[in-house]
Amino acid sequence: MSRRAKESGATIIRYRGVVKRYGAFEALSGVDLDVHAGEVVCLIGPSGSGKSTLLRCTNALETIDGGAIEFEGARLPRDERALREVRRRMGMVFQSFELFPHLTALHNVAEGPRTVLQARRAEAENRARAMLAKVGLSDKATSYPAALSGGQQQRVAIARALAMEPDVMLFDEPTSALDPETIGEVLSVMKALADEGMTMVVVTHEMTFARRVGDWVAVFDAGRIVEQGPPRQIFDAPTTERTRDFLSHLGWHGETL
Amino acid sequence: MNFDWSVVGAHRHALAAATGTTVLLTVATMAIAVPCGIVVASVRLYAWAPLRAMATAYVELFRNLPLILLVYWAFYVLPIATDVGLSPFATGLAALALNVTAYNAETFRAGIGSIRRGQLEAAMALGMSRTQAVRRIVLPQAVRRILPVLASTWVSLFKDTSLVSVIAVPELAYVAMQIRAQTFRVLEMLTAMAAIYWLLGYPQAKLVDWIQRRYAVTE
Amino acid sequence: MQVDLSVITDHWRFLAYGIGVTIALAAASGAASLALGFLVALARLFGPRWAKPAVVLYIDSMRAVPVLVVLVWTFFALPILTGLTMQPFVAALIGLTVHLAAYAAEIYRAGIESVRRGQTRASLALGMSRPQILRRIVLPQALVRMLPAFGSLLSMTIKDTAIASVIAVPEIMRQSETLAGQSFQPIEVYSFAMLVYFLILFPVTRGVDRIYRRVAHLGRS
């Protein structure tokens, strides 16, 4: 489906002039971006350019200092309880996985439904089993995170977020901490999710993934989006100097399909 | 040199009672110092700035003073400050509790603080409230780190109870040295005292090692 | 409550002598325990087979027995066994050194074992001998890592000198006891002693922190 078609669908997230400061340092200097239902939006750019910051502002792990973020038509609330409601409908996957080391894989995935959705133990565990199967780790249900490889841990983390049945999934550099061999298994899971129509916002350095799976790509630099557009444009025919610089630094010489 | 080891046997009841007092002091001190330590640690972590500063000052003060001095000071100051006549046992207990609370507060604070922020964030990203996240995710992990240190503090405390002998609390060190003074059997009584402490302390030290191995944290 | 500080000012020489003794005892037993502890650690890590269990027994025994007991036994019982009379300061020095060396030995061992094996492997690959590796590669890194633990040990040493008052060593605690008894002003005297100890100990812990932060990068491999 092209972006045109998805654009006609609902706008799940809308960023308008988002500003975020840490003391004197401005991490985000006015970001405008729309995320539509079923879209995969990839945020790329050099380290420290604000991509991760924007993601963390999306589910209010950080508060913004200017502009507005709208989720499903409403501005992000200020009230903690209302924010929790919002967070339930967003799933987040972290670069450092952040699995809970004192719980097995099954209990990690079941933790959200049990504690936050107040599901019964049996129901939560059933849902957890289904999610683990979805990411291909049914046989690791009783393993603790320390016994799992990085790629397996990240897949469990994805299952944990999916168990909440979110409307949008936020990925913060999901493969940056992984060995090259295991990156593939995580990206496959993410692609399968995208094919199912999940709305995703992905901060990534995996350009091939962004090129193939992304519907829209935003290039960040120093707290702003310097260019955004369909992958074809960004990767094959970038319109700004900054984008070209960034891509050539990464050694991106185009991809032969 | 003639040694008369029977003096130890002759006073075994007194020594046993004294050992009981030592154990009682240790248990009672921990019973006070663990909850108080939790309170002080919570103040240091979460309270309003002036309170946090006071809690930090308390911890820094009591960690930088010799316990034996604290015992003497408590003995002379507490009766005047509280206007209550406290028994030597109670005074000793108070000094020990003040000291160990400070160490525990630091242990709890460091244990909770050592849990990566990402864990709290991951829990909140699922939609948990801060309280739920702390209770279900941060605390269980913190306990694993705190337990070995607490065990080590316990053993130190057990040894430190010997210091309250200076204010005539009838624990093991005081009673053994009294018997020595009465019977003039210096080597026998002092060796017996050392041996009893060793017999009690050695297994505790080994237990601490086991706890540290069992709860070793692998990230 | 009346506070009369003249008891402190009138007898400052007496108290200052105590401070001197405290510092001397702490410095001497600290240095001696660092040396003895190092030998013990080497014996455990690189010595003959029988050395390891002997060292472990020694270390665990020092963890089990209070300092007070060690000092009292050294001063009162050891002379009976050996026939030698001992000055209180000497007895305290011996007792403290033997007790603290056990902790020092553990710190050395943990520090040396914490240096990554790869460092040794790389050095062997270059053709270095084991003593060279220990001296030039492992120890320098290990010493940096041990710094915080040694700082703690120094703090412990200074606090333990106060226990030597029990065997009449004229350090701060003992001098305070004597003065408090004679002047009937225990609150002023003991409060002053607390201030002195705090002023000695607080900079020690902070100082170690500072130094460690400066050199920590030297220990990371």
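Values in this text are rule-based calculations from the coordinates and carry no lab data. For clarity, every value in this text was computed on a predicted model and none was experimentally measured. Here Cβ is always computed from backbone atoms with ideal geometry, including for glycine, and neighbour counts include all displayed protein chains.
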Self-check item: Derived scalar couplings ³J(HN,Hα) [segment A:148-153; Karplus, 6.51 cos²θ - 1.76 cosθ + 1.60; whole Hz; x for Gly, Pro]
Solution: 9, 6, x, x, 5, 4
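Express in nm, to one decimal, how much length is gained between A:L117 and A:A237 on full extension, taking 0.36 nm for each residue of separation and deducting their alpha carbon distance.
Numbers: separation 120, 0.36 × 120 = 43.20 nm, distance 4.59 nm.
Difference between extended and current length: 38.6 nm.
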Quiz prompt | With 10 Å bins from 0: P(r) over chain A, alpha-carbon pairs, percent | solution = 7, 30, 36, 22, 5, 0
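Could you compute the net charge surrounding B:S129? Neighbours are other residues with a C-beta less than 9 Å from the C-beta of B:S129; K and R count +1, D and E count -1.
Working: positive: A:R81, A:R84, B:R130; negative: A:E80.
For residues surrounding B:S129, the net value is +2.
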Quiz prompt | Modelled FRET efficiency - R0 25 Å, C:S129 with C:A216, Cβ distances, 0.05 increments | solution = 0.30
Self-check item: Over chain B: helical MRE at 222 nm, DSSP H runs n ≥ 4 each giving -39500 (n - 2.57), nearest 500
Solution: -26500 deg cm²/dmol
Quiz item: Per residue and in Å³, how big is the convex hull formed by the alpha-carbon atoms of the protein assembly as shown?
Solution: 223 Å³
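Relative contact order of chain B: what whole-number percent is it, with Cα pairs under 8 angstrom and at least 6 residues apart?
Numbers: 217 pairs, mean separation 64.5, N = 219.
This gives 29 percent for chain B.
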Quiz prompt | A:W252, B:W48, C:W12 arranged by Cβ crowding within 10 Å, fewest neighbours leading | solution = B:W48, C:W12, A:W252
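Could you work out the percent of alpha carbon pairs in segment C:42-166 separated by over 23 Å, rounded to a whole number?
Result: 47 percent of Cα pairs exceed 23 Å.
Kindly state, as a whole number, the per residue volume in cubic angstrom of the convex hull around the alpha carbon atoms of segment A:145-226.
On the way: hull volume 9.3 nm³, N = 82.
Expressed per residue, the convex hull around the Cα atoms of segment A:145-226 is 114 Å³.
Hey, which of these cross-link pairs are over 24 Å Cα-Cα: B:K159/C:K159; A:K51/A:K140; A:K20/A:K191; B:K159/B:K206; A:K140/B:K206? Write down the numbers at each step before the final one.
On the way: B:K159/C:K159 14 Å; A:K51/A:K140 33 Å; A:K20/A:K191 31 Å; B:K159/B:K206 15 Å; A:K140/B:K206 35 Å.
Flagged as over cut-off: A:K51/A:K140; A:K20/A:K191; A:K140/B:K206.
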Quiz item: Say a site is exposed when it is one of the trypsin sites (Lys or Arg not before Pro), sits in a DSSP loop, and has at most 13 other Cβ atoms within 10 Å; what is then the longest site-free stretch of chain C?
Solution: C:117-219
Quiz prompt | Spin-label model distance (nm) - B:A53 vs C:I23, 7 Å beyond Cα toward Cβ | solution = 3.1 nm
Quiz item: Based on the alpha carbon coordinates of segment A:61-202, what radius of gyration and maximum Cα-Cα distance (Dmax) apply, in Å?
Solution: 15.3, 47
Quiz item: If amide H atoms are built 1.01 Å from N in the plane of the peptide, which residues on other chains or at least 5 residues away come under 5 Å of the amide H of A:N59?
Solution: none
Practice problem: Quickly work out the C:R206-to-A:S149 label distance, labels modelled 7 Å from Cα along the C-beta direction, and quote it in nm with one decimal. | Solution: 5.2 nm
Practice problem: Please list, in chain and number order, the residues 5+ apart from A:G67 or on another chain whose amide H is under 5 Å from its amide H, with Hs placed from the backbone. | Solution: A:V19
Exercise. Between the alpha-carbon centers of segment B:53-102 and segment A:103-144, tell me the distance in whole angstrom.
Key: 50 Å
Self-check item: Phi-based couplings in Hz for segment A:193-203 (Karplus 6.51, -1.76, 1.60; Gly and Pro marked x)
Solution: 4, 4, 4, 6, x, 5, 7, 9, 10, 10, 8
Quiz item: Ratio of Rg to Rh for segment B:176-219, alpha carbon only, Kirkwood?
Solution: 1.37
